[in-house]
Structures are given as C-alpha cells and as structure tokens.
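Below is one structure, written out as structure tokens; the observations come after it.
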Amino acid sequence: MDKQKTILAVDDEPSMRRLLEISLRQAGYQPVVAADGKEALQMIKSRTIDLVVSDLHMPSMNGLELLKNIRLENETLPFIMVTAQGEIKTAVEAMKLGASDYILRPFDLETLEIAIAKALSVKRLNLENTYLKNNTHTENDGLVGLSAPMMALKQLIRQVAPEKATVLITGETGTGKELVAKAIHQHSDRKNALFVAVNCAAIPAEMLESELFGYEKGAFTGAVKDRVGKFELAEGGTIFLDEITEMPINLQAKLLRALQEGVIEKLGGNRQISLDIRVVAATNRDPLQAVKEGKLREDLYYRLNVFQLQIPALRERGEDIQLITQAYLDKKSAQISDEALQKLSAYSWPGNVRELQNVLERAAILAGGKPITPQHLPADIVSGTNFSDRQLSASQGSEAASSGGAPTLQIATEGYSIPQAIAQIERQLIVDAIAACKGNKSKAAKLLEISERSLWYKLEQYQLK
Ligand SMILES: Nc1ncnc2c1ncn2[C@@H]1O[C@H](COP(=O)(O)OP(=O)(O)OP(=O)(O)O)[C@@H](O)[C@H]1O
Ligand SMILES: [Mg+2]
C-alpha cells in the first residue's frame, strides 16, 4: 500500500472532518482537511496533494463542482467522492467527470483504505501507461525498466541525446552501458549515420591507434593500402569508446587532441581530417579512481565527462528484475514459475543484466519448453541467503507447500496493458491460494498477505464468488 501520501479530506461537517483525519492518519497517510470546495482548491494550489476524498454536499462549492474545477487543471489527481445511499446517480456523474471512485456513507476504515489504495495504484499505472505509450513509437532502444532510477536514466538520455556533448557512461559490468550509448545515438539526429563501437580493452594496445585513426599506405611495413579508421567511419554519427581506461596513456593524449580540435590525423599521413562526431565513452571503473591510479588522463576525463550517466546496478532497481526477465522470456516464448521469479528477485546480480540474461537462457534450455522453476536456476541463486521473508515462511507453514509446490503463473496477456496484466496475476494468485488452502478463505488471505475483507472484495471484483 502507498503510505506517507498526503490526502486532502473535504467535508463541511467538523465531526466528519475529524473522523476522516483520524482514520487517514491511522491508515498511514498524512491527512489535511478543508471545509469546502473553495478551501480545497486553494490547498491543492499551494501544496502537494496526492489524493482528494470529498463529500458531495457542501455549501459554496459542492463535491461535483470541486471535481470539475480540479480537472480543469489536473487530469490525474485521484479523487474519491463520498455520497449517501440513494445518490448513486450523482456518484455515476462524478465518475464520468473523472472521479477515481466513490464510496457510500456510512463507510468503514477498510472500505476507505481500499478505495484510496486502488485510486493511487491506478494513477501510478496510468502514469506508467502514458509513459509507455509516449515512448513506444520513438523509443525502441531495448532498455527495459520502470524503476525510478531507470525512468530517470531514460529521461536523461532523451535530454542529452540531441546535444553534441561528450557523454561518459559509468556502471558496473553488464548494467547496459553499450545499450545506453546506442540509445543516445538513436535519440539523436545522428541516428541515420553510424554508431561505431570500439572496445579499447579488446584491441591490442599497439593496434588501437590505427584502428581508431586509420593509416595511409606505407605508414608502416605491411600498410599496403590506406585504411579507414573507426573515427572516419563514424563521421556524422557516434563513436562509442568502451573501457576507455584501458586505452594506452599516450593514445589518450592523441584522443584528447582530436576531441578538442575536431580533427584527426591518420598514421603516416600529414593531412588533418576534420570530422563531425559525437563521442560517448564508458567505463566500469570509478573514473576518478582511474585518474588517481594513472589509468585515465585527468584532462581527458574532464573532456569526456561533460555529461555523466551513471547506470545503477540491477540490485538497486530490484523491481526491474521481473520486467527484464519477462521481456526476455517473452521473446523466447518461455515461461517462469512464480517461485523462480522470486528467487531471481532476491539475488544480488553482481554481473547485472548480462548475468540475468545468461541465467535465463540456460534455465530456458533446461526447462525444455516447460515453465522455468527454481530447479533450473544455479544453486547460489536458489539458496540465496538474502531471500526474504514472510512469504517463504507463510507458504512453508501452509498446505500450499505440502500440496505440491508453488503455483505457476500462466499469464496470457493480450497486448501490453499493465493494469490488465496485474489484474490477471492477482486473479490467478487468488485462485491458486484458495486451491492451495482447500477453499479456506481465511488461510488463503494469510497466504496472500491481505486481510480477509480485501480477499472478499477481490473475489467479488474478479467474480470468483
Ligand atoms: N535495461 C535493460 N533492459 C534490457 N536489456 C538490458 C538492459 N540493460 C542491459 N541489457 C542487456 O544486458 C546485456 C549487457 O548490456 P551491455 O553490453 O550494454 O552492458 P555493459 O554495461 O556494456 O557491460 P560491460 O561493462 O560488461 O561491457 C546486453 O545483452 C543488453 O542488451
Ligand atoms: Mg560493454
């Protein structure tokens, strides 16, 4: 549940305001109150409000008018209308005007809590959907992830892409540095020219110079014809200098000159070739530490570091583990059990996304067309000592464990709708939990870690009653 959100309760009756205030605080929200629509509007303008719960009947500006006014300026602020029995028509009108939900008086705390949690999560999903929609046509850069750090990174990529500024990408091995470099290229107006990647660690030091800058016929023994270097190849486009700290120091000086002057000189040539190239560099080391150790020239560091993009480790964006897994397995039309997914989520992934992909690839082969289960995963992932928590003990203590293992999620989503997919997962989990508990709903609720009331509510919602 979303906690620590600020909720504005609007009601003209002081006793009702007080009750709402106490209830909301008890539910873990930060309540603020207003006595009518006008006061509420002022509050919304002057501070951050995450959700509004408003009474319908109020003097000066009633709930419907308040909602209309809010929607003029804010299309997404969650709004719950409180109405009396027999006012369903008005409640429906409120929904048409963009209310998230309505609740009928008298209501208990749990009804209110559920309505709030639902409205807040719908808002979040809507935001994510809008984000996905906005990006599907422009952004097919393969960067999967909806965690806050990933969203921020994508935002930065879009901001920096159109510039010619040099970018230094840092991040642990396998975090997606090359993918990000490609994304920068794709989002720039250079996308029709080449993206040329050079791994400075993979090319022998003595060959790197000619690889980068090319040479002219006769430059050295064996140079029987001119050779175009990677820089020339990337003209008009982007050159990606991976593992920049592995470039020999003297070559770093030459690179710096090329960057500063926008010209290169081929080996054995005395012509200067001016080029229009965007340089993106990457390292999985701490660049300042590399400067200290003399592996990276300080002046080059500053020249490259015009803009730095730090890619967080996969374990710092745990929620993306499942998304990346799903995206990867979807491509292979493979499936994974819920239990295996949990093991993946609990692991620390020192090799980041690349390691995750390798594990999945291997597991999919071992599973041979059936859903991947923990037995297809490497032992250190399955035995993960950091595997949390109550879920494990809950399922161990129930019949679920003894009645034949973890339920397998078969999610048959049509399209990309997150709300639909989540609803399907939720419904499936409920069905599985009830089956595992042989129809005992109070046990099932415990297994699901929700209250019995919520379970009843959901059973109704999913027409499982
Ligand atoms: N956010 C992501 N979503 C989907 N796939 C990703 C993501 N990040 C990385 N990958 C995939 O993980 C693999 C490793 O990514 P990449 O090669 O870009 O990592 P890297 O940071 O350059 O690693 P190294 O430092 O080892 O070179 C690639 O197959 C890439 O497509
Ligand atoms: Mg790389």
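Selection over region 177-210 of residues that are within 14 Å of Pro248 (Cα to Cα) and surrounded by fewer than 18 Cβ atoms within 10 Å (Cβ to Cβ) gives a count of 7.
Quick one: is Leu168 in the same structural domain as Ile273 (by TED's automatic domain parsing), within 16 Å of ligand 2 (Cβ to nearest atom) and free of Cβ contacts under 8 Å to residues at least 40 places away in the same chain?
Judged against the criteria, Leu168 is not a match.
Take Arg158 and tell me if it is away from ligand 2 (no atom under 16 Å from the Cβ) and touching a Gly at 6+ places or on another chain (Cβ under 6 Å). Judged against the criteria, Arg158 is not a match. Hey, does region 187-196 have a residue that's within 16 Å of ligand 1 (Cβ to nearest atom) and more than 26 Å from the chain's Cα centre (by Cα)? Yes.
Applying the criterion of being among the hydroxyl-bearing types (Ser, Thr, Tyr) and out of contact with any Gly (no Cβ under 7 Å at 6 or more places or on another chain) to the residues of region 165-180, the residue that is farthest from Trp349 (Cα to Cα) is Thr166. For beta carbons closer than 9 Å, sequence separation of 6+ or different chains, a first residue in region 42-53 that is over 16 Å from Gln4 (Cα atoms) and in contact (Cβ under 8 Å) with a residue 24 or more places away in the chain and a second that is surrounded by fewer than 17 Cβ atoms within 10 Å (Cβ to Cβ) and among the charged types (D, E, K, R), the qualifying pairs are Ile44/Glu73.
From the list Ala197, Ala183, exactly one residue is within 22 Å of Arg297 (Cβ to Cβ), outside any loop (DSSP other than H, G, I, E, B), within 16 Å of ligand 2 (Cβ to nearest atom) and not hydroxyl-bearing (Ser, Thr, Tyr). Which is it? Don't jump to the end; show me each part of the working.
Details: Ala183 fails: within 22 Å of Arg297 (Cβ to Cβ).
Of the residues listed, the single one that is within 22 Å of Arg297 (Cβ to Cβ), outside any loop (DSSP other than H, G, I, E, B), within 16 Å of ligand 2 (Cβ to nearest atom) and not hydroxyl-bearing (Ser, Thr, Tyr) is Ala197.
Residues in region 136-192 that are farther than 22 Å from Asp276 by Cα and in contact with a His (Cβ under 8 Å, 6 or more places away or on another chain): Thr138, Glu139, Asp141.
Can you confirm whether Glu339 is assigned to a loop (DSSP other than H, G, I, E, B), more than 16 Å from ligand 1 (Cβ to nearest atom) and either of a type outside the set (Asp, Glu) or buried (at least 16 other Cβ atoms within 10 Å of the Cβ) (or both)? Answer is no for this residue. Tallying residues that are modelled with pLDDT under 60 and surrounded by fewer than 14 Cβ atoms within 10 Å (Cβ to Cβ) within region 99-130 yields 2. Listed by position, the strands (runs of 3 or more DSSP E) inside region 221-331 whose residues that are within 16 Å of ligand 2 (Cβ to nearest atom) and either buried (at least 19 other Cβ atoms within 10 Å of the Cβ) or among the aliphatic types (A, V, I, L, M) (or both) number at least 1 are 238-242, 278-283, 307-310.
For region 31-83, give me the residue count where each residue is acidic (Asp, Glu) and either buried (at least 21 other Cβ atoms within 10 Å of the Cβ) or in a strand (DSSP E or B) (or both).
So the first thing to find is which residues in region 31-83 are acidic (Asp, Glu), and the list is 36, 39, 50, 55, 65, 73, 75.
Right, trim to either buried (at least 21 other Cβ atoms within 10 Å of the Cβ) or in a strand (DSSP E or B) (or both) and you get 55.
Of the residues in that region, 1 qualify.
The values are calculated or read from the model by the stated rules, or taken from the named source; none is laboratory data. All of these numbers come straight from a predicted model, not from anything done at the bench. Neighbour counts run over all protein chains shown; Cβ positions are idealised from the backbone, glycine included.
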